[in-house]
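Contents: one structure, followed by commentary.
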Amino acid sequence: MKTELILYLLDMLGVVVFAVSGALAAGRKQLDLLGVLVIAFVTALGGGTLRDVLLDRSPVFWIQQPDYVLVALTAGLLTVLYTYFFKPPQRALLVADAGGLALVSISGAQIAEAAQLHPLVVILMGTCTGVVGGVIRDVLLVEIPIILRRSNIYATAAIVGIALYLVLKTVGLATGPATLLGMVTIMGLRLAAIIWGLALPVYRLTDQK
Amino acid sequence: MKTELILYLLDMLGVVVFAVSGALAAGRKQLDLLGVLVIAFVTALGGGTLRDVLLDRSPVFWIQQPDYVLVALTAGLLTVLYTYFFKPPQRALLVADAGGLALVSISGAQIAEAAQLHPLVVILMGTCTGVVGGVIRDVLLVEIPIILRRSNIYATAAIVGIALYLVLKTVGLATGPATLLGMVTIMGLRLAAIIWGLALPVYRLTDQK
Amino acid sequence: MKTELILYLLDMLGVVVFAVSGALAAGRKQLDLLGVLVIAFVTALGGGTLRDVLLDRSPVFWIQQPDYVLVALTAGLLTVLYTYFFKPPQRALLVADAGGLALVSISGAQIAEAAQLHPLVVILMGTCTGVVGGVIRDVLLVEIPIILRRSNIYATAAIVGIALYLVLKTVGLATGPATLLGMVTIMGLRLAAIIWGLALPVYRLTDQK
């Protein structure tokens, strides 16, 4: 009972963090109020939606539990109100976003795991849950999705953390500690990448060889 | 019997209007003929497709009734032919598009309503049916979707009209008049917004506070 | 038994070809390594994924058979390695891509055909399988999808080839030769278009009449 409540609250925390980051990104593109709410919505719920559609989970999670919708829209609206008066706390948001990524990716992976899918698919579905909302946000704002570009250990952190979680469980660790270690890894990798500027190498194709 | 025929014809009218608007948008981007038909198709049928996928209605409506596909493609083709000889009637098209939005949004909402979903989800699904085709069109043409930007009471009109429809039914009105009033509201709001330049406020995020 | 193996290998060949073309397109946009793999993945598997979602085939083919994922990612990775040392063989790739289009479009159409759908839907689903991966690639790289623009008989080749396949089967030809003729038509049309610069006319909408 208590654990379920904690998991629910953590899940909602991930939704809030992603909705806020979506609203802030929208604010740089001069959208109208409705546009901001749409971007907050798709950033927060887009990844889980694609996961549910690909896994044919019916109905999609926020159709079954519309409080996800309410939370995402409210978070978007409060972000607009807040930033009329105050500067958004960029550093706190980066930390919160890393936490949201950890939370949402691992819980997305566990849904695929519960459906007894191949480990590769579990990693893909967890990463999808964590990052696809941001991809849709960037596509709607006509930018090359940030997760595809350089200077960004983001999806990579999710992949490594989920893989570690699966390895730990295969080795016999209980779900609780494996979940925790997976999440800490994702958040730690992401924050380390921000602090020390870690990035994957860029692939440049030139016509001269 | 007669009512069903009228509903069917109205539905097809919405498809035609959206296909025409898609083809015209494509004409400003110098696509080839096939590209124009693809854009007409996704503009006309994209919103209902996403609705059916999210609600897991199977098969998607135009797979079950391919006459939707024929109507959308024919409307796109006729638009190309027409505009080789004549100027598109911009004002008539704006009115027709407002009518299409009203029609398609309310009928999309009624599908979600029939599935006994939460009112918030009914509003989302109706609005999705009405506006997502245009969003996909804009994404394929690499523009920030018009419904997200300023100077545009469009999705907002759909939201207000569907909400009114739901309130009227809750209050005890029959489906017929509630549908009519919802549609009139959407079309009226949209046309009023065009005539008097109504728009939602824009959200601008600046770094100075 | 032997036929199935050949079909499986041909299918994988299509995946490889599309993954390579995705990775090369990504290389021109300076993505990081993960971004390249993502683009290779969606280019190779995006079309079939949309087909499966629209037809409500569950689970999506690469979730059921994760070797598709492995093959796509490996092909993307090998492309990156190869092009560090050598120039990509552009001409061979164009031929291979035409072959991939033929293969993937016809086999996608056959899936819709097996579900006894309307011929129009069979053509749409086959073409979707063949070209939508490239559309998603272009959307993620913020370019107007190449299949919508001029100078490109690509989707058109798929449409013609699938239609021919369906006509031949209606006329009484066995599946084997009809498949072969459909594929040869697609590949031939595409290669002829490249060699002789065939293209559909462009639709230009001007404000003067």
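The values are calculated or read from the model by the stated rules, or taken from the named source; none is laboratory data. Just so it is clear, the model here is predicted, and its values are computed rather than measured. Cβ atoms come from the backbone with ideal geometry, glycine included; neighbour counts cover every protein chain shown.
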Would you call A:Ile153 facing another protein chain (nearest Cβ under 10 Å), surrounded by 15 or more Cβ atoms within 10 Å (Cβ to Cβ), among the hydrophobic types (A, V, I, L, M, F, W, C) and not in a helix (DSSP H, G or I)? yes
Hand me the list of helices (runs of 4 or more DSSP H) wholly inside region B:3-89 holding 1 or more residues that are of a type in the set (Ser, Thr, Tyr) and buried (at least 19 other Cβ atoms within 10 Å of the Cβ). B:33-54, B:67-85
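Say we look at region A:107-116 and pick out the residues that are touching a residue at least 12 places away in the same chain (Cβ under 8 Å) and surrounded by fewer than 24 Cβ atoms within 10 Å (Cβ to Cβ); which of these is farthest from the chain's Cα centre (by Cα)? Break it down stepwise before answering.
Taking region A:107-116 first, the residues touching a residue at least 12 places away in the same chain (Cβ under 8 Å) are A:107-113, A:115.
Going one step further and asking which of them are surrounded by fewer than 24 Cβ atoms within 10 Å (Cβ to Cβ), we end up with A:107, A:110-111, A:113, A:115.
Values: A:Ser107: 10, A:Gln110: 14, A:Ile111: 15, A:Glu113: 18, A:Ala115: 21 Å.
Ranking the candidates gives A:Ala115 first.
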Note on region A:91-127: residues over 18 Å from A:Thr179 (Cβ atoms) and either touching a Gly at 6+ places or on another chain (Cβ under 7 Å) or assigned to a helix (DSSP H, G or I) (or both) are A:Arg91, A:Ala92, A:Leu93, A:Leu94, A:Val95, A:Ala96, A:Asp97, A:Leu120, A:Val121, A:Leu124
Suppose we keep only residues that are more than 8 Å from chain B (Cβ to nearest Cβ) and touching a residue at least 12 places away in the same chain (Cβ under 8 Å) within region A:79-99. Which one would you say is farthest from the chain's Cα centre (by Cα)? A:Thr79
Among the numbered criteria (1) within 11 Å of chain C (Cβ to nearest Cβ); (2) modelled with pLDDT under 90, which one does B:Tyr8 miss? (1)
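Would you be able to tell me the number of residues in region B:107-130 that are among the β-branched types (Val, Ile, Thr) and modelled with pLDDT under 95?
Within region B:107-130, the subset among the β-branched types (Val, Ile, Thr) is B:111, B:121-123, B:127, B:129.
With modelled with pLDDT under 95 added as a condition, the list becomes B:111.
Residues in region B:107-130 being among the β-branched types (Val, Ile, Thr) and modelled with pLDDT under 95: 1 in total.
Would it be correct to say that C:Ile162 is without any contact (Cβ under 8 Å) to a residue 40 or more places away in the chain and surrounded by 17 or more Cβ atoms within 10 Å (Cβ to Cβ)? Steps first, please.
On the way: without any contact (Cβ under 8 Å) to a residue 40 or more places away in the chain: no; surrounded by 17 or more Cβ atoms within 10 Å (Cβ to Cβ): yes.
Judged against the criteria, C:Ile162 is not a match.
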Taking the criterion of being of a type in the set (Asp, Glu), at pLDDT 90 or above, farther than 22 Å from C:Leu141 by Cα and over 15 Å from the mean Cα position of the chain (by Cα), would at least one residue in region C:54-65 satisfy it? yes
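Quick one: is B:Leu189 touching a residue at least 24 places away in the same chain (Cβ under 8 Å), out of contact with any Asp or Glu (no Cβ under 8 Å at 6 or more places or on another chain), within 14 Å of chain A (Cβ to nearest Cβ) and not in a helix (DSSP H, G or I)? Break it down into steps so the answer makes sense when it comes.
Details: touching a residue at least 24 places away in the same chain (Cβ under 8 Å): yes; out of contact with any Asp or Glu (no Cβ under 8 Å at 6 or more places or on another chain): yes; within 14 Å of chain A (Cβ to nearest Cβ): yes; not in a helix (DSSP H, G or I): no.
No; evaluated as a whole, the condition is false for this residue.
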